[in-house]
1. Could you pull out the residue among Ile16, Ile21 that is assigned to a helix (DSSP H, G or I), open to solvent by 100 Å² or more (accessible area, probe 1.4 Å) and not hydroxyl-bearing (Ser, Thr, Tyr)?
2. Kindly indicate which of Arg19, Arg26, Arg49, Arg10 is in contact (Cβ under 8 Å) with a residue 12 or more places away in the chain and at negative phi.
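The values are calculated or read from the model by the stated rules, or taken from the named source; none is laboratory data. Here the structure is a predicted model, which is why all the values come from computation and not from measurement. Cβ placement follows ideal geometry from the backbone for every residue including glycine, while neighbour counts extend to all protein chains displayed. Areas reflect the complete protein model, heavy atoms only, side chains present, ligands, DNA and RNA absent. Shrake-Rupley method; radii C 1.70, N 1.55, O 1.52, S 1.80 Å.
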Amino acid sequence: MDRMITMIVRRAINQILNRGIDAGVRRMTRGRPDATPEQQAQLRQGGDRARQAFRLLRRFGRF
C-alpha cells in the first residue's frame, strides 16, 4: 500500500514540476513583440532545448 501511495504522489509531483518548468521556460523565452519571424523561431527552439535540459537535469538528479 505504501508503494502505491508513493507512486501516485511521485507522479503528481512530477506533473506539477513539469508544468512549472514549462511555465518558467515560456516566461524566459517570451521574446519581443517586434521580433522577426526568424528570431521568434530561434526563441522557440531555444525554449524547447531549455525545457529538455531542465527535464534531463531533474531525471539525473533522481539517481
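1. Every option except Ile16 fails the conditions.
2. Answer to the check: Arg26.
Residue-wise test of (1) in contact with a His (Cβ under 6 Å, 6 or more places away or on another chain); (2) surrounded by fewer than 10 Cβ atoms within 10 Å (Cβ to Cβ); (3) part of a loop (DSSP other than H, G, I, E, B).
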{"residue": "Arg27", "(1), (2), (3)": "no, yes, no"}
{"residue": "Asp34", "(1), (2), (3)": "no, yes, yes"}
{"residue": "Ala50", "(1), (2), (3)": "no, no, no"}
{"residue": "Ala53", "(1), (2), (3)": "no, no, no"}
